[in-house]
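The values are calculated or read from the model by the stated rules, or taken from the named source; none is laboratory data. What you see is a predicted model, and the numbers here were worked out from it, not measured in a lab. Here the Cβ positions follow ideal geometry from the backbone for every residue, glycine too, while neighbour counts run over all protein chains shown. For accessibility, only protein heavy atoms count, side chains too; no ligands or nucleic acids. Shrake-Rupley method; radii C 1.70, N 1.55, O 1.52, S 1.80 Å.
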Amino acid sequence: MKIEYLWNVTVLFLLLATFGCGDDEQQGTRPSDEASGGEEIAPGSGGATTSGGSSGYSGSSGQNADAALDAAAGTEAGIADSGREAGSAGSDAAGANADGGAQRDTATQPVTLPDGAISTPGQYSGLSEEIYNGYELSSEYVTVRDGTRLAMDLYRPKGASGQVVIDKLPVLFMHTPYNRRTFGTGLSGEVYPGAAARLINYGYVVAIADFRGVYASYGTNQGYNRGEWVDAASQDAYDLIEWLAQQPWSSGKVGMWGCSATGGSQMQAATTAPPSLKAIFPMSCEYDVLPFGVPGCMAPVTGPTSAPPTPSSSAMRDPFAQAVDDDPLGVQLREAVASHAFNIENAGYVPFRDSVAENIPEQWWIKSSPSTYLETINNSKIAVYAAANWDEAATKYGAFFTVNNITNPTKLIVGPAGHCAWFTVETQTGFDISVEERRFFDYWLKGIENNVMAEPKVYYYTYNEPAGREWRGATEWPLAEEKRTPYYLGEGSLGVNAPTDAAGNDEFRVVYIGTDVLAKGLSYETAALQEDIRITGHPVVDLWVSSTATDGDFIATLQDVAPNNIATSYNMHGRLRASMRKEEDPPYNNLGLPWHPCREADAQPLVPGEPTRLRFDMLPISIVFKAGHRIRLVLSFADTPTPVITPAPTVTIYRDATHQSSVTLPIIDS
């Protein structure tokens, strides 16, 4: 079968403009094969069924898609990889202990590895070797419980003879709105972040399915890249996973992989507790979706609350859909495309946590938040390895709450690049996220004792650490050793001494145009540091403000200012609309941070000229501010969703003994 790479990478850059992406040690035990856990949701009559055939396409490993993802997320990364070969010659024998995973209780105590074996974050050898030789790509339709047919690609390993092996192997599944077949200029299995095709030679099958109502799948989609949460679509992942587990070439154990929207689809699958889903590796996706969809409760006045992804309609996506193998003339593909006519591309205007969406009759942020289904996820016992990168925006937020609320075995890894940019992390630091995927899935799907769950729970990168010390582990998040230290605002200054003056404030007329936060606001900075200061965690802003208007947006940005005045910020920012300042006890572990319910009834207008307290957290970070550098806090008062008021109001920031404005930094002693 000849693969036509029809995708225009320029269109792809636009496609991803919006993504629908406990405190104790929880590495615990693997769930038994027999127990489904949670609310067992049985497939419809007969379960998922299949139609289609197989092709003789042989794959090779790929390139990176970070350029597309980073362009979409507004980051600066995007380093291209050279091509990689899919596999080396190997044995036809399975040799992968494919039936071993998730069968016995395993304590978190480390085991002694065989002589010469290595298993540490990013390094893995001597326990799981390449035994296959590339793969064959085939595709078919799988029919889910309501009769809808979903298009699925299968990457099955080949032996030294060049034939597809019949060994029973675990399956790594991605449920995607972004075209199951291609991503950028390569195959999705090879170049989509996570690149599960790298694991095939080690004894895995990779499966990728188009969401209902997009590309080659039949049916109607509501919400595009968050469409898996609605109505019948909410059970699609369950049915596809159980179908994969029942195939003759499957060991019956399924894991999931992917980033952004396909990280979110893993979390959604976990909310249905498929019995055969043993482990997931969600990257850059949400736990409570509101802080991603409406950061700081700063909704626009009108229009879609989250801008629709581009291409934003089936008419733009469908030309790039790929037919399944037994549809050489595209008859079924045309039928599938025709069924997309009534898709709803975006939830529309959803300004508050409890808003019913304009286009979908659901309280959208509640309906599509994994946090809503925490009990079911916890009962499922599905293991979770959450991942994010520091230099991405609101998509990095969810991972930290996921691992602190899910009581299943969990791990967390945080890298130094942009949104889903793990190929960039590999290029810049040598850390290969697919090695972590293989260690994690080897343990949970194959039963290989490799100590991945006996290590510290958290592994993270710190900017500006000396070479060789950038990566480190921790047993919990937030770090036990953090010292939460307030830095108080002074007259252009930032320091650890609280203000004592009876009066002190700064005024600024709101600027709505431009992207330079320094030009759009007020700045406060420390003197040149006498020694390095490392912060790791969630800074919290505590401001006393007033305005000549009855509402306003307040945005805080931390910057690392070098002696040459070059300022760097790795998405170190937070925000809040003043009328949404009400705080409540959170419905989940919010890590002790301020939690704003952001319901419509919670709105509290400002009284013009009256000092009012605002508290909000900033996105987490780990960075060393080097000696000689300065720490700068910039406060600005408008961003894209901010309503424009004419004439522009004047805001006041108070910094006196009665109104002590500050930013609290999570300092870690070296």
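Annotations for the structure displayed:
- Pairwise Cα separations in region 344-441 fall into 10 Å bins from 0 onward with the following percentages, short to long: 14, 32, 32, 19, 2.
- Computed over region 349-472, relative contact order equals 17 percent, with contacts defined as Cα pairs under 8 Å that lie 6+ residues apart.
- Protection proxy ranking of 237-248, 415-426 - average other beta-carbon atoms within 10 Å, highest first: 415-426, 237-248
- Evaluating kT/(6 pi eta Rh) at 20 °C and 1.002 mPa s, with the Kirkwood radius of region 199-287 over Cα pairs in the Stokes-Einstein relation, gives 159 µm² s⁻¹.
- Given +1 at the Cβ of Lys and Arg, -1 at the Cβ of Asp and Glu and no other charges, the dipole of region 295-404 around its Cα centre is 360 debye to the nearest 20.
- Greater than 26 Å apart at Cα, pairs in LYS381/LYS483; LYS278/LYS483; LYS253/LYS457; LYS396/LYS626; LYS168/LYS278: LYS381/LYS483; LYS278/LYS483
- The simple Förster model, with R0 at 25 Å and r as the Cβ-Cβ distance, assigns ALA480 and THR120 a FRET efficiency of 0.70.
- Computed magnitude of the charge dipole of region 501-552 (debye, nearest 20; Cβ of K, R +1, Cβ of D, E -1): 200 debye
- Whole-percent carbon and sulfur share, accessible surface of region 380-520, 1.4 Å: 49 percent
- Once backbone amide H atoms are built at 1.01 Å from N, MET298 has ARG577 as its partners under 5 Å, excluding neighbours fewer than 5 places away on the same chain.
- Coupling constants for region 123-128 follow from the phi torsions by the Karplus curve (6.51 cos²θ - 1.76 cosθ + 1.60, θ = phi - 60°), and in residue order they are 9, 7, 7, x, 10, 8 Hz; glycine and proline get x.
- Of the peptides 463-473, 195-205, 611-621, the order by per-residue mean of other Cβ atoms within 10 Å, starting with the highest, comes out as 195-205, 611-621, 463-473.
- Mean Cβ count within 10 Å, highest first, over the residues of peptides 635-643, 564-572: 635-643, 564-572
- Backbone N under 20 Å from the ALA498 label point (7 Å along Cα→Cβ), restricted to region 532-553: 540-545
- Shape class of region 385-521 from the alpha-carbon gyration tensor: prolate, with a/c at 1.5 or above and a/b greater than b/c.
- HN-Hα J in Hz across region 389-397 - Karplus 6.51, -1.76, 1.60, θ = phi - 60°, x for Gly and Pro: 10, 5, 8, 10, 8, 5, 5, 7, 5
- Note on region 129-173: with neighbouring protein chains present and a 1.4 Å probe, carbon and sulfur make up 45 percent of its accessible heavy-atom surface.
- Our summary gives region 547-670 a relative contact order of 35 percent, counting only alpha carbon pairs under 8 angstrom and 6 or more residues apart.
- Compared with the direct C-alpha span, the chain from GLN530 to THR429 gains 33.5 nm at full extension, assuming 0.36 nm per residue.
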